[in-house]
Amino acid sequence: MSTDIDIIVLNRKKGSIKGQLTKLHTFISQEENKSETVITTFLEILSRTSTKFEKLRIEFYRTVPDDDFEEIESSLSEIEDDIFQIEVSLKSLLHELRLNTSDSNSSDAKSIDKTVSIKLLEIPLPVFNGKIEEWNSFKQQFLNLINDNPNLTENQKSYYLRSCLRNEAKSIETSEDNYQSLLKALEERFENKRIIVDTHIKNIINHEKIVHESAKDLRKLLDNIHKNLRALKVLKYDRNDLSNVLLINIILQKLDRETRKQFELSLVDN
């Protein structure tokens, strides 16, 4: 049974995480020069903060009563969105810094242009393997890192985009051999909102049932549900009272007998 003290402790942990994210936002917004070492360090800090956040989310799910679930979930979703945006911003800064460093180390602009056009960026680029539900996330990251970079030519952008494609996505045919044509072909193939929504819903409904009590399997279930709910939210499909009831019912059907029993007992206690 959850207590007010439990909720207070969890909220303090949440406040600590939000404080760390605020510091990262402050660093990103500062105009002074940023070194590669500092940016990399902040990416590592963000990774640790993200891990703490995922553990905290599970603690909240196990503790908060149903009446407070929607409010808490909304607050947690905002933090997750914040973590995602900070990661994109830091990687963009790192990419820009390395590109500028590369430019400054050469006196021959044409040579640099040729080198950059055939050499992958040293920072990891997002990969898209043709799963339609992952398109929007991939596109947003790629646009931030590559498309919106004024220092890259169209040929360089085309090269980077092709290097990110795998499996089905790699076989997409284009009307012209250029960046805009390739991007448009990908959008026409994978930006089908109805199919994307259906896929996210099926990912939730078809998640395998937990057979035996397992913290690892429970976390996989919660991660899968939250990942797909977040994607649906981006597509402007917000949750309401009815969807929350349906979601709780779906989750219960996926739980093993012992975990479900403990959940039912917590409802009685509350």
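The values are calculated or read from the model by the stated rules, or taken from the named source; none is laboratory data. Since this is a predicted model, take the numbers as computed values, not measurements. When we count neighbours, we look across all protein chains shown, and the Cβ atoms used for this are built from the backbone with ideal geometry, even at glycine.
Yes or no, residue by residue, for (1) at pLDDT 85 or above; (2) closer than 20 Å to LYS91 by Cβ; (3) in the same structural domain as ASP81 (by the TED database); (4) not in a helix (DSSP H, G or I):
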| site | (1), (2), (3), (4) |
| --- | --- |
| SER2 | no, no, yes, yes |
| ILE5 | no, no, yes, no |
| LEU10 | yes, no, yes, no |
| LEU21 | yes, yes, yes, no |
| GLU31 | no, yes, yes, yes |
| LYS34 | no, yes, yes, yes |
Original post:
Just a yes or no: is a residue in region 210-219 of a type in the set (A, V, I, L, M) and loosely packed, with under 13 Cβ neighbours inside 10 Å?
Top reply: yes
Original post:
Which of the following residues is modelled with pLDDT of 75 or more, under 24 Å from ILE196 (Cβ atoms) and not in a loop (DSSP other than H, G, I, E, B): ILE86, ILE146?
Top reply: ILE146
Original post:
Before we move on, is GLN140 part of a helix (DSSP H, G or I), under 23 Å from LEU235 (Cβ atoms), of a type in the set (S, T, N, Q) and modelled with pLDDT of 85 or more?
Top reply: yes
Subject >> Counted residues, region 37-61 - those being in contact (Cβ under 8 Å) with a residue 60 or more places away in the chain and either loosely packed, with under 14 Cβ neighbours inside 10 Å or part of a loop (DSSP other than H, G, I, E, B) (or both) >> reply: 0
**OP:** Considering (1) within 29 Å of PRO65 (Cβ to Cβ); (2) of a type outside the set (Ser, Thr, Tyr); (3) modelled with pLDDT of 80 or more, say which one ASP269 fails and leave the rest.
**Re:** (3)
Subject >> Check on ARG239, within 20 Å of ASP68 (Cα to Cα) and either assigned to a helix (DSSP H, G or I) or free of Cβ contacts under 8 Å to residues at least 12 places away in the same chain (or both) >> reply: no
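Residues are listed down the side, and each one gets a yes or a no for (1) within 29 Å of SER50 (Cα to Cα); (2) modelled with pLDDT of 85 or more:
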{"site": "CYS164", "(1), (2)": "yes, yes"}
{"site": "GLN180", "(1), (2)": "no, yes"}
{"site": "ASN203", "(1), (2)": "yes, yes"}
{"site": "HIS212", "(1), (2)": "yes, no"}
Subject >> Of the criteria (1) part of a helix (DSSP H, G or I); (2) surrounded by fewer than 16 Cβ atoms within 10 Å (Cβ to Cβ), which one LEU76 fails >> reply: (2)
**OP:** Could you grab me the full set of residues in region 182-197 that are closer than 29 Å to LEU97 by Cα and either at pLDDT below 85 or aromatic (Phe, Trp, Tyr) (or both)?
**Re:** none
**OP:** Output the number of the condition that ASN129 fails; it satisfies all remaining conditions of (1) over 30 Å from ILE58 (Cβ atoms); (2) touching a helix residue (DSSP H, G or I) at 6+ places or on another chain (Cβ under 6 Å).
**Re:** (1)
**OP:** Find the residue count for region 200-231, including only residues that are assigned to a helix (DSSP H, G or I) and either touching a helix residue (DSSP H, G or I) at 6+ places or on another chain (Cβ under 8 Å) or over 16 Å from LEU246 (Cβ atoms) (or both).
**Re:** 22
Original post:
Can you name every residue in region 167-199 that is surrounded by 13 or more Cβ atoms within 10 Å (Cβ to Cβ), of a type in the set (D, E, K, R) and not in a helix (DSSP H, G or I)?
Top reply: GLU191
